[in-house]
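The values are calculated or read from the model by the stated rules, or taken from the named source; none is laboratory data. Here the structure is a predicted model, which means the values were calculated and not measured. Glycine gets a Cβ as well: all are built from the backbone with ideal geometry, and neighbour counts include every protein chain shown. With ligands, DNA and RNA removed, areas are computed over all heavy atoms of the protein, side chains included. Shrake-Rupley method; radii C 1.70, N 1.55, O 1.52, S 1.80 Å.
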Amino acid sequence: MLLKPNKVKEKLKNGEKIICAFMRIPNPMVAEIMGVCGVELIIIDCEHFQFNIETVANVIRAAQLYDVSCLVRVNDATDYWLMVNALDMGAAGIMLAEANGAQDVLNLVKATKYYPIGHRGVCTDSRASNYGETLSPSEHPKYFNDNTILAVVIENKQAVAELDDILAIPELDIVSVGDADLSYAYGRPGETNHPEHIQLRNEICEKILAANKTVLEKVSETEDINRAYEAGKRCLYIATDESLLISGLKRIIGPIKSL
């Protein structure tokens, strides 16, 4: 079986829209449901939620049945074991939350890319490479260097201060603004609608787009989707699995409670 180019990576290169959702419920069935409904990119949230490594592997398998790519979100660029294990199991890439400046992002690149870009440990017979039955040892690093997606969340003052240096890193594909953490970092906890916060996030997004990186933008209503798309934001994050479950239950239970 041939290894095809990563569909989401191709869309990133071509500036096409990508439908994205976060997964926080550690059950592969959730990934299957998302795939059935048209989600193209799942971000497995290993920063805040309880995924063991076997569940991550099974989520990736379930998603791939529907041609859905998975990124694994981590909060430490030195969490080498988790990142490399996820990639060897078939994750399409890694999202680094809470990046503390450009050096953290460079550490991410070094850990997840093979020579000559980085120093990722070599396993040419991993699940991701069809157990060594598809790529030659010389083809292996080029394929995964070309197809691995790297994303970062800008959510602290150090990352904002070093944003230009972060965006100059060529291997970085997707950049998101962590609104909640950023509001705390600037002394306005939870005030994501504060005019100064809105101005800051707009400035960050403008820089991301100017650097030809893809913005991951949370959208929940049709107006949000249209506004984000018209602004050039192409990775449209629709929801988390838990928020969809909560909103769906409330919509049905609310009228019943009012009887």
Counting other Cβ atoms within 10 Å, keep those with at most 14, restrict to DSSP loop, and tell me which GluC sites (Glu not before Pro) in region 28-84 are left.
none
Quickly work out the residue 203-to-residue 245 label distance, labels modelled 7 Å from Cα along the C-beta direction, and quote it in nm with one decimal.
4.0 nm
Choice from 123, 235, 37 with maximal GNM fluctuation in the chain (Cα, 10 Å cutoff):
37
Can you list, bin by bin at 10 Å, the percent of alpha carbon pairs in region 74-128, starting at 0?
25, 57, 17, 1
Alpha carbon centroid spacing (whole Å) that separates region 93-154 from region 162-207
25 Å
Cut-off 10 angstrom, C-alpha nodes, Gaussian network model of the chain. Which of 91, 231, 239 fluctuates the most?
231
Using 23 Å as the Cα-Cα cut-off, could you pick out the over-long pairs in 7/213; 113/207; 11/113; 17/250; 110/233; 13/110?
113/207; 17/250; 110/233
Sparse-neighbourhood loop hits (chymotrypsin sites (Phe, Trp or Tyr not before Pro), region 8-102; DSSP loop; Cβ within 10 Å at most 14 others) -> none
Most fluctuating residue of 128, 31, 99 in a GNM of the chain with Cα springs under 10 Å: which is it?
128
Three-way shape label, region 1-139, alpha-carbon gyration tensor, a/c 1.5
rounded
With every protein chain kept in place and ligands, DNA and RNA left out, what is the accessible area per residue of region 135-207? Probe 1.4 Å, answer in Å².
46 Å²
On the accessible surface of the chain, probed at 1.4 Å with all protein chains in place, carbon and sulfur together account for a percent value of 54 percent
If one computes the Cα centroid of region 237-258 and of region 1-58, what distance in Å separates the two points?
22 Å
Semi-axes a, b, c in Å (a largest) for the chain, each sqrt of 5 times a Cα gyration tensor eigenvalue, come to 29, 24, 16
